[in-house]
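Take a look at the structure set out below.
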Amino acid sequence: MATLVIHASNGAEHPEKATLPFVLAKNATLAGQDVVVLLTVEAVRLATEGGADGVHAEGLPPAGEVMAEVIENGGQVWACQSCTKPREITEDQLVKGARIGTSMEVVELLSQGAASFSF
């Protein structure tokens, strides 16, 4: 089974767009799919301890809650290395289960047939 890469670039500045990638990822994991949520730009802050606190769009669950469910269900959360570096975010600042991922890792998944979806 190919991996599903869900790309998210919005953080707390747009709670709905920050949350929806995790909602899709959670549903994909519940359906038994291999999922990587790739956080870029300001979305990388969501993966830091406390970074998703207060990110809550009306009608949706809190972003941090859904991100935790994705991880608990076996999904992966990658914070883009090229985006974490200028923000001085290090792996030890990330929530348990998230990690810093490289562009080469994403390219490898895509070249192996991963489907992708962007928010």
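Just so it is clear, none of the values below were taken in a lab; they were calculated from the coordinates. Owing to the predicted nature of the structure, the values given are computational and were not obtained by experimental measurement. Because the Cβ atoms are built from the backbone with ideal geometry, glycine has one as well, and the counts that use them run over all protein chains shown.
Taking every residue in the range 83-101 that is under 10 Å from Val44 (Cα atoms) and pairing it with any residue that is surrounded by fewer than 21 Cβ atoms within 10 Å (Cβ to Cβ) and of a type in the set (D, E, K, R), at least 6 positions away or on another chain, the pairs with Cβ-Cβ distances below 6 Å are Ile100/Glu91. Looking only at residues in the range 5-43 that are assigned to a loop (DSSP other than H, G, I, E, B) and of a type in the set (A, V, I, L, M, F, W, C), the one that is surrounded by the most Cβ atoms within 10 Å (Cβ to Cβ) is Ala12.
One line per residue, one yes/no per condition, for (1) part of a strand (DSSP E or B); (2) touching a strand residue (DSSP E or B) at 6+ places or on another chain (Cβ under 8 Å); (3) among the acidic types (Asp, Glu):
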site	(1), (2), (3)
Ala79	yes, yes, no
Ser82	no, no, no
Asp92	no, no, yes
Lys96	no, no, no
Ile100	yes, yes, no
Gly113	no, no, no
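Cβ separations smaller than 6 Å between residues 6+ apart or across chains give the following pairs from the range 64-81 residues that are under 19 Å from His14 (Cβ atoms) to residues that are part of a strand (DSSP E or B) and β-branched (Val, Ile, Thr): Val77/Val37; Ala79/Ile100. Of everything in the range 86-116, what is closer than 12 Å to Ala2 by Cβ and buried (at least 18 other Cβ atoms within 10 Å of the Cβ)? Give them in sequence order. Within the range 86-116, Leu109 is the sole residue that qualifies. Only one of the numbered conditions (1) touching a residue at least 40 places away in the same chain (Cβ under 8 Å); (2) buried (at least 22 other Cβ atoms within 10 Å of the Cβ); (3) more than 20 Å from Ala114 (Cβ to Cβ) is not met by Leu46, and that is (1). With respect to (1) closer than 20 Å to Thr3 by Cα; (2) touching a residue at least 60 places away in the same chain (Cβ under 8 Å); (3) among the basic types (Lys, Arg), the lone exception for Lys17 is condition (1). Does the range 56-63 contain at least one residue that is more than 22 Å from Leu4 (Cβ to Cβ), of a type outside the set (D, E, K, R), surrounded by 18 or more Cβ atoms within 10 Å (Cβ to Cβ) and touching a residue at least 40 places away in the same chain (Cβ under 8 Å)? Yes, there is a match, as at least one residue in the range 56-63 is more than 22 Å from Leu4 (Cβ to Cβ), of a type outside the set (D, E, K, R), surrounded by 18 or more Cβ atoms within 10 Å (Cβ to Cβ) and touching a residue at least 40 places away in the same chain (Cβ under 8 Å). Number of residues in the range 1-43 that are over 15 Å from Gly74 (Cα atoms) and among the β-branched types (Val, Ile, Thr): the value is 3.
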